[in-house]
Amino acid sequence: MDSRIQSEQSLGSFIYDLIWLTISSILSAVAVNWIFIFTGLAPGGITGMAIILSTVTNISVSTMTLCISIPLLILSFLILGKAFGVKTIYVIFMNPLMMAIVPKIDLFGNIAFLGNIGGLFLGAILGGVLVGMAVGLALNHQGATGGTDVIALLIHHFLKKFKVQNILVTLDGIVVILSGFISKEIFVAVFSLISLIVINRVITWCTDKKLTVKEA
């Protein structure tokens, strides 16, 4: 009887986590469809890494994304646990689904007095808040968005003294800087870095304490 109750509680907890991970995907979709695709801001992530490596190797971005993501998922299953891996796969499928569902709205495009700089600045702040909340929720519920947060968690697993959010902002910062040099869009890269700082602060606020990933 005790094992049955424990199993039901475990299933309930898993479903509860999936609900919050769905909310995380919605927040990510809003950030992309309302801000990033219109401003050109790109605060890091696997896509940014794939673009850089694609430029160097002449391999397509989509293929390079798979080459990065699949090994990360395998490692997350082996090192961080089966439950973590399943939740991360769930988020990876939910993110594009939510991006297809959430309508594309140019949030700042119709506010003429903002200008280009004002739009980029507000986009960096609001986009950073949304992405930070999305990543923070995923981390709090023992999952990840399938991007550089997975790499950050893997590094944290072996180097506990480094906080996940600090590893994440370092990785994404490197991606943004390299992307800026490659694309020669230095101005956009600067505001992307501002967005990264906001993301880091919001993740810290969301997680509140040192993150540990429980084994399945």
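The values are calculated or read from the model by the stated rules, or taken from the named source; none is laboratory data. Only a predicted model underlies this, so the values are computations on that prediction, with no experimental measurement involved. Don't worry about glycine lacking a Cβ; one is built from the backbone with ideal geometry, like all the others, and counts go over all protein chains shown. Heads up: the accessible areas ignore ligands, DNA and RNA and are worked out on the full protein's heavy atoms, side chains in. Shrake-Rupley method; radii C 1.70, N 1.55, O 1.52, S 1.80 Å.
Odds and ends about this structure:
- Residue count, the range 172-194 (criterion: open to solvent by less than 80 Å² (accessible area, probe 1.4 Å), farther than 21 Å from Ile125 by Cβ and at pLDDT 85 or above): 0
- Residues of the range 118-166 satisfying the condition of being farther than 23 Å from Ala29 by Cα and either open to solvent by 30 Å² or more (accessible area, probe 1.4 Å) or without any contact (Cβ under 8 Å) to a residue 40 or more places away in the chain (or both): Ile155, His157, Phe158, Leu159, Lys160, Lys161, Phe162, Lys163, Asn166
- Candidates in the range 27-43 are the residues that are modelled with pLDDT of 75 or more and either open to solvent by 70 Å² or more (accessible area, probe 1.4 Å) or outside any helix (DSSP H, G or I) (or both); of these, the one that is farthest from Phe191 (Cα to Cα) is Trp34.
- Checking Ile70 against (1) exposed (fewer than 15 other Cβ atoms within 10 Å of the Cβ); (2) more than 15 Å from Thr145 (Cα to Cα), the condition it does not meet: (2)
- Pairs are defined by a Cβ separation below 7 Å, a sequence spacing of at least 6 or placement on different chains, a first member in the range 10-38 that is over 19 Å from Ala100 (Cβ atoms) and without any contact (Cβ under 8 Å) to a residue 24 or more places away in the chain, and a second member that is crowded, with 17+ Cβ neighbours inside 10 Å and β-branched (Val, Ile, Thr); no pair meets this definition.
- The number of residues in the range 74-84 that are surrounded by 18 or more Cβ atoms within 10 Å (Cβ to Cβ) and farther than 18 Å from Gly12 by Cα comes to 2.
- Remark: pairs (first residue in the range 88-103, over 18 Å from Ile15 (Cα atoms) and modelled with pLDDT of 85 or more; second residue part of a helix (DSSP H, G or I) and aliphatic (A, V, I, L, M); Cβ separation under 8 Å; 6+ apart in sequence or on different chains) = Met98/Ile26; Met98/Ala29; Ile101/Ala29; Val102/Ile26; Val102/Ala29; Val102/Val30.
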